[in-house]
Amino acid sequence: MLGDSKLLTLPCGKPFRLDRSRSDGILSQDELAFCTSEGISVAYDPAQCGWVLAQSVDDLFTNEVTDPAHPRAGRVRRSVGLHLHLRPWDMGDAPRLADLLNDRVLWDTLPEPFPDPVTVELAQSLIEISMHGTHHQVHAVIYDDVPIGQVRLQYDTDATGPRSAELSYWLGRPYWGQGFASAVVPPFVRQCFAEDVALMSLRARVKTGNVASLRVLGKAGFQDEGPAERSWRLLRRDR
């Protein structure tokens, strides 16, 4: 247990404060590893391209365009800021998951057929599957304490030896086109390689014509290897 102290000590002997502000900068690799081992919540800060404490005081600000005549007026994207992080799905998320997945347009971007309708019972089954087994990692994408999507790593073999895996992700349609995927996928990919030395390569499938997803995966270091099966393209990133 960490107790209530705001000043901790890293394994290397350096002090580590829990009352950091966002302007203190991103966490170092040692600090991030310490937070992971101690269960301290972190969040990805897209403005600084790194991880910060989820509880950090947000003392940075974004210059908003208030002049309606400005060329950027009406096109300022909502910042994903400090409220975006990953966690396992929980059974209490089932109604929210069912609501997000009950969208035929979303399923047009996924390889599986739309199980119309997506019921709470089906969502509970999906969450149950995500909780068990060593063949995958499944994380809910959380924004302002609410699930908005998912990232998943599906291993080709049991996660005990050298292996490759398939990366997949989706976001609920209300969150498309706002920078959420770019804030989640690249750091998740880096984290997967950093935490798993046996992971040699990742692949991903993108529906032909899904330019936004191609761009997101490109930011994560994936290379387009061309057409795969019908209506899909295969992308790959090696360690």
Checklist entry - Any idea how many residues of the range 207-239 are among the hydrophobic types (A, V, I, L, M, F, W, C), open to solvent by 40 Å² or more (accessible area, probe 1.4 Å) and more than 21 Å from Y155 (Cβ to Cβ)? => result 3
Item to check | In the range 130-171, residue surrounded by the fewest Cβ atoms within 10 Å (Cβ to Cβ) [restricted to those that are closer than 16 Å to R203 by Cα, charged (D, E, K, R) and modelled with pLDDT under 90] | outcome: D156
Checklist entry - Within the range 185-206, which residues are in contact (Cβ under 8 Å) with a residue 40 or more places away in the chain and open to solvent by less than 60 Å² (accessible area, probe 1.4 Å)? => result P187, F188, V189, C192, F193, L199, L202
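Of these, V105, V118, V141, which one is more than 22 Å from the chain's Cα centre (by Cα) and more than 10 Å from W89 (Cβ to Cβ)? Spell out how you get there, then give the answer.
Details: V105 fails: more than 22 Å from the chain's Cα centre (by Cα); V141 fails: more than 22 Å from the chain's Cα centre (by Cα).
Checking each option against the conditions leaves just V118.
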Next on the checklist: Going residue by residue through the range 94-106, is there one that turns out to be among the aliphatic types (A, V, I, L, M), in a loop (DSSP other than H, G, I, E, B) and over 23 Å from R236 (Cα atoms)?
Outcome noted: no
Checklist outcome for this item: Among strands (runs of 3 or more DSSP E) completely within the range 162-239, the ones holding 1 or more residues that are closer than 26 Å to L100 by Cβ are 163-171, 199-207, 232-238
Checklist outcome for this item: Within the range 3-29, restricting to residues that are modelled with pLDDT under 85 and of a type in the set (D, E), the one that is surrounded by the fewest Cβ atoms within 10 Å (Cβ to Cβ) is D4
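The values are calculated or read from the model by the stated rules, or taken from the named source; none is laboratory data. Not measured: the values here are computed from a predicted model. Counting neighbours? That spans all protein chains shown, and the Cβs are built from the backbone with ideal geometry, glycine included. Remember, those area values only see protein heavy atoms, side chains included, never the ligands or the DNA or RNA. Shrake-Rupley method; radii C 1.70, N 1.55, O 1.52, S 1.80 Å.
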